[in-house]
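First the structure, in the form of structure tokens, and then the observations on it.
The values are calculated or read from the model by the stated rules, or taken from the named source; none is laboratory data. All figures in this text were calculated on a predicted structure; none of them were measured in a lab. Every residue, glycine among them, receives a Cβ derived from its backbone with ideal geometry; neighbour counts consider all protein chains shown. We work out accessible area using only protein heavy atoms, side chains counted, and drop any ligands, DNA or RNA first. Shrake-Rupley method; radii C 1.70, N 1.55, O 1.52, S 1.80 Å.
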Amino acid sequence: MKILLLLLIIIITLLLIAVVRTLLIGSKTATYVYSKDTERIDEYSNKLSKMIQYETVSNPDNPEIDKFRGFHKLLEELFPNVFSKLEKIEIDGNLLMKWKGETDLDPIILTSHLDVVPAEGEWKYPPFSGTIADGKIWGRGAGDIKCGVLAFYQAVEELLIAGYTPKCDVYLGSSCTEEIGGDGAPKLAKYFKDRNIKLYMLSDEGGGITKDPIGGIKGAFAAVGIFEKGYGDLKFSAKSNGGHSSTPPKNTPIVRLAKFESYVEKHNPFKVAFSEAVEAMFNNLAPYSSNFALKLVMANLWLFKPILKRIMPAISSEAAAMLQTTIAFTMQKGSDGYNVIPQEAYVTGNLRYIPHENKDEANKKIIEIAKRYDIETTIIKSSPSSKPLDLNSKQYKQTIECINTIFPNVGIMPYVVTGGTDSRFYSEVCDHCIRFSPVMFGPEQNKGMHGIDENIEQGCLPPAVDYYKQLIRLQEHRA
């Protein structure tokens, strides 16, 4: 009885401490204000419209290098000072522009890819029309991510017109194979590696300014990508002697694959853990919650983390992806005939590796499970997660300072990038890769990326240009 009473006292004490801590953090609101500078909005919108009109769909079977070189010519027309005053380095359709600074020490690179995914289905406006309507620019690539290319090219164009010279060398890098996981960014990264150039900082896509990031949190938040999950494609094959479907044996290849998939679906084999990025995200978001219970949990991970580790993966797929390696079964094939038991059937699994469980550990776990069902595994592709960004680094702090200057009322949200970006290919030449695009991606914009009716708000373009100008200027003050 005394033990139970003591336990109860401890629990009540811990909860009281958590409540006091929650009350002390106060409450904040996060808002984003679109630009009302109509002159700049019109100029930038027209440029982005022209960039969208030039179709740059990447094709894994046909590089179409000349198409991308044609797009380079369009960029030269839109940003004449950039191309007349910076050194142009073109590598098989991939574009690198070098802006010579006062010193060649610790250069930075601003990147966004030139290629886009195919545009299918019925669109409100033709996908390569670059239509400007309803306060938005419409078309494939508007948000992913020609708006980013526009923003940093325009930033450099305006700084050049003002006679500015950067403190360090500034590179503008754009691959033409990002959407197909091609060799564009690796070729650009090799340029730096071959010349023993170590980049001080890389700024790429990955996160952005987003609305209402999770349930119970309202407002606009800068989702700054801290690390990028790794990528793996595995093929799981089950074999048999085949046969006629009229006399089916037990445990045919398709049945074994189904049992395997069902087991993995029901029994998560991967380690669930809070990364520094996720902890920082919760801590930063806590003051913005209008729900006291949610605020209590988010502000006191020291107490509630063990519970959250268990329930978060069950709450949503997004939550699961932030805390663990994931696997999605994507392609499956069995027999070519309705009445034929296949001699071999297979299913493919797409894995996204988390840093706390490297690709070899994750692959080993899933391969061992497959063996229980007499299934062979072939690793088609497997690349590790990126190195997490140090939240105490000068590069991260400069990024946050820049965000706070240009977007003063936007909240800061460290973020796990669950998709893939070109940044991962620069790990050998840059230790500080920051995945953040300074544009607003609301629910409509997020839905349109890789989907139908892709668009971007016109009013978010001027602040995006200002962000890159500020980021370049900040290099003057680094120690």
**Q.** Residue check for Ile456: of a type in the set (A, V, I, L, M, F, W, C), surrounded by fewer than 23 Cβ atoms within 10 Å (Cβ to Cβ), at pLDDT 95 or above and over 16 Å from the mean Cα position of the chain (by Cα)
**A.** no
Q) Which of the residues that make up segment 420-429 are open to solvent by 10 Å² or more (accessible area, probe 1.4 Å) and outside any helix (DSSP H, G or I)? A) Gly420, Ser427, Glu428
Q) Here is a list of conditions, (1) closer than 30 Å to Lys239 by Cβ; (2) of a type in the set (Val, Ile, Thr); (3) open to solvent by less than 60 Å² (accessible area, probe 1.4 Å), and Ile380 meets all of them except one; can you say which number that is? A) (3)
Q.
Against the condition among the acidic types (Asp, Glu), touching a strand residue (DSSP E or B) at 6+ places or on another chain (Cβ under 7 Å) and either more than 30 Å from Asn241 (Cβ to Cβ) or open to solvent by 20 Å² or more (accessible area, probe 1.4 Å) (or both), how does Glu357 come out, does it pass?
A. no
Q. Hey, among Ala277, Ala286, Ala299, Ala238, which residue is crowded, with 18+ Cβ neighbours inside 10 Å, more than 29 Å from Gly216 (Cα to Cα) and either among the hydroxyl-bearing types (Ser, Thr, Tyr) or in contact (Cβ under 8 Å) with a residue 60 or more places away in the chain (or both)?
A. Ala238
Q) What's the number of the condition Arg21 fails, among (1) open to solvent by 80 Å² or more (accessible area, probe 1.4 Å); (2) more than 29 Å from the chain's Cα centre (by Cα); (3) among the charged types (D, E, K, R); (4) under 29 Å from Glu476 (Cβ atoms)? A) (4)
**Q.** Test for Thr31: is it in contact with a Gly (Cβ under 9 Å, 6 or more places away or on another chain), among the β-branched types (Val, Ile, Thr) and open to solvent by 30 Å² or more (accessible area, probe 1.4 Å)
**A.** yes
Q. So, of the residues in segment 388-411 that are of a type outside the set (S, T, N, Q) and in contact with a Phe, Trp or Tyr (Cβ under 7 Å, 6 or more places away or on another chain), which turns out to be farthest from Thr325 (Cα to Cα)?
A. Ile406
**Q.** Enumerated helices (runs of 4 or more DSSP H) restricted to segment 1-94, each holding at least 3 residues that are among the aromatic types (Phe, Trp, Tyr)
**A.** none
(Q) Out of everything in segment 119-175 that is surrounded by fewer than 18 Cβ atoms within 10 Å (Cβ to Cβ) and within 13 Å of Glu457 (Cα to Cα), what residue ends up being nearest to the chain's Cα centre (by Cα)? (A) Gly135
Q: Out of the residues in segment 309-340 that are among the hydrophobic types (A, V, I, L, M, F, W, C), under 27 Å from Ile379 (Cβ atoms) and touching a residue at least 60 places away in the same chain (Cβ under 8 Å), state the one that is most open to solvent (accessible area, probe 1.4 Å).
A: Phe329
Q) When segment 398-419 is examined, which residues are found to be surrounded by fewer than 19 Cβ atoms within 10 Å (Cβ to Cβ), touching a helix residue (DSSP H, G or I) at 6+ places or on another chain (Cβ under 9 Å) and under 22 Å from Arg352 (Cβ atoms)? A) Thr418
**Q.** Of the criteria (1) closer than 14 Å to Ser203 by Cβ; (2) among the hydroxyl-bearing types (Ser, Thr, Tyr); (3) out of contact with any helix residue (DSSP H, G or I) (no Cβ under 8 Å at 6 or more places or on another chain), which one Ser112 fails
**A.** (3)
Q. So which pairs qualify, if the first residue must be in segment 365-394 and touching a residue at least 12 places away in the same chain (Cβ under 8 Å) and closer than 25 Å to Ile434 by Cβ, the second must be open to solvent by 60 Å² or more (accessible area, probe 1.4 Å) and among the polar types (S, T, N, Q), the Cβ gap must be under 8 Å, and the two must be at least 6 apart or on different chains?
A. Pro384/Asn358; Ser385/Asn358; Ser386/Ser427; Lys387/Ser427
Q: Could you run through segment 69-88 and say how many residues are open to solvent by 20 Å² or more (accessible area, probe 1.4 Å) and within 26 Å of the chain's Cα centre (by Cα)?
A: 0
Q) Within the bounds of segment 196-214, is there any residue that is basic (Lys, Arg), under 30 Å from Arg435 (Cβ atoms) and buried (at least 19 other Cβ atoms within 10 Å of the Cβ)? A) no
